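Chemist: Here you go, one structure.
The values are calculated or read from the model by the stated rules, or taken from the named source; none is laboratory data. Remember, it's a predicted structure, so these values are computed and weren't measured experimentally. Neighbour counts are summed over all protein chains in view; Cβ atoms, including those assigned to glycine, are modelled from backbone coordinates with ideal geometry. The accessibility values were calculated without ligands, DNA or RNA, using every heavy atom of the protein model including side chains. Shrake-Rupley method; radii C 1.70, N 1.55, O 1.52, S 1.80 Å.
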Amino acid sequence: MELTTGENDNMYMLTLAAHFLIVTLVLLEEHLHKPMYLFLANFSLVEVLYTTVTVPNMLDALLTRNKAISTSACLVQFYFFFAFGAAENCFLVVMGYDRYVAICRPLHYSTLMSKRMAVRLACGPWIVGFITAACPALWISTLTFCFPNEIDHFFCDYSPLLKLSCEDTSSGEFTFSVISWSLTLSCFFLILISYTFIILSVLKIPSVEGQNKAFNTCASHLTVVLIFNGTIIFMYIRPNSHVRFTLDKVVSIFYCVVTPVMNPMIYCLRNKEVKNALRKAVQRRVIV
């Protein structure tokens, strides 16, 4: 499976439009000024940046056939790609915690998720992402690369960069694996813990309607978690991830291009408040 240049371009533009729509709605609609939507807006913003790091350069290469990229630009691309990816993973944890507090401790929600705490939780993933990406990016910048410097990938990812090095990269690969495993699995298990408590609380709700309502508030988030973590685990923490696979490129296209388009649709289609806010915004625009 290979997307054409036009398809990639259309999906990228759709990604920008969908995510900026969510951010705009959260900023303008007062009833969306809640921690849940603050986190959703930040998640959308980080997805825009995560996609923008790789897709425009990839589209330019496909259109102009100029596939050259300087070493410094390649390292910068790798750093921000890793940083925004780590931040996105952490935002999924924060959003899972928000749902846990809302469902399992509703009476304490306003206290546990105060405005100050929500802002802190929104800043946390950005800080973790930028710090986490610094170590592997700095290490890669010290490597010597061999001729020909041709990256067997669509963008400057970790494993393709290491294949170009003339040095022994085993220690760096081990460090990167530890960072990847620690970040991805810790985030996944924190989300799993949140949803374990959520499921136990929902099962205690006497009415089926109440159970369905509670599950519906988490369904979109859980769907995004499964898609995102599935691709990340396959790419970065599976055994022998350094071995060349054509499938790796397909998965890379999926989480760089396809997933960012799907996520806002998943959230909007399953969230009544977002759909109502969008409907009101459209109606106001039509009336004006």
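Chemist: Kindly indicate the residue of the stretch 189-209 that is of a type outside the set (Ser, Thr, Tyr) and in a loop (DSSP other than H, G, I, E, B) and also surrounded by the fewest Cβ atoms within 10 Å (Cβ to Cβ) among those meeting that condition.
Modeler: 206
Chemist: State yes or no: is residue 132 surrounded by fewer than 12 Cβ atoms within 10 Å (Cβ to Cβ) and of a type outside the set (D, E, K, R)?
Modeler: No: the conditions fail for residue 132.
Chemist: Now for a different question. What number of residues within the stretch 11-30 are under 10 Å from residue 48 (Cα atoms) and outside any helix (DSSP H, G or I)?
Modeler: Total satisfying the criteria: 0.
Chemist: Out of all the residues in the stretch 43-60, which are open to solvent by 50 Å² or more (accessible area, probe 1.4 Å) and charged (D, E, K, R)?
Modeler: Matches in the stretch 43-60: 60 only.
Chemist: Let me ask something else about it. Only one of these is modelled with pLDDT of 85 or more, under 30 Å from residue 75 (Cβ atoms), assigned to a helix (DSSP H, G or I) and of a type outside the set (A, V, I, L, M, F, W, C): 159, 177, 186, 171. Name it.
Modeler: Checking each option against the conditions leaves just 186.
Chemist: Taking the options 144, 184, 169, 132, name whichever one is touching a strand residue (DSSP E or B) at 6+ places or on another chain (Cβ under 8 Å) and on the phi < 0 side of the Ramachandran plot.
Modeler: Result: 144 is the single residue among 144, 184, 169, 132 that is touching a strand residue (DSSP E or B) at 6+ places or on another chain (Cβ under 8 Å) and on the phi < 0 side of the Ramachandran plot.
Chemist: Condition first: in a helix (DSSP H, G or I) and in contact with an Asp or Glu (Cβ under 9 Å, 6 or more places away or on another chain). Can you find one or more residues in the stretch 132-145 that meet it?
Modeler: Among the residues of the stretch 132-145, not one is in a helix (DSSP H, G or I) and in contact with an Asp or Glu (Cβ under 9 Å, 6 or more places away or on another chain), which makes the answer no.
Chemist: With in a helix (DSSP H, G or I) and either at pLDDT below 75 or surrounded by fewer than 16 Cβ atoms within 10 Å (Cβ to Cβ) (or both) as the only criterion, which of 63, 40 stands out?
Modeler: 63 is the lone residue from the list that is in a helix (DSSP H, G or I) and either at pLDDT below 75 or surrounded by fewer than 16 Cβ atoms within 10 Å (Cβ to Cβ) (or both).
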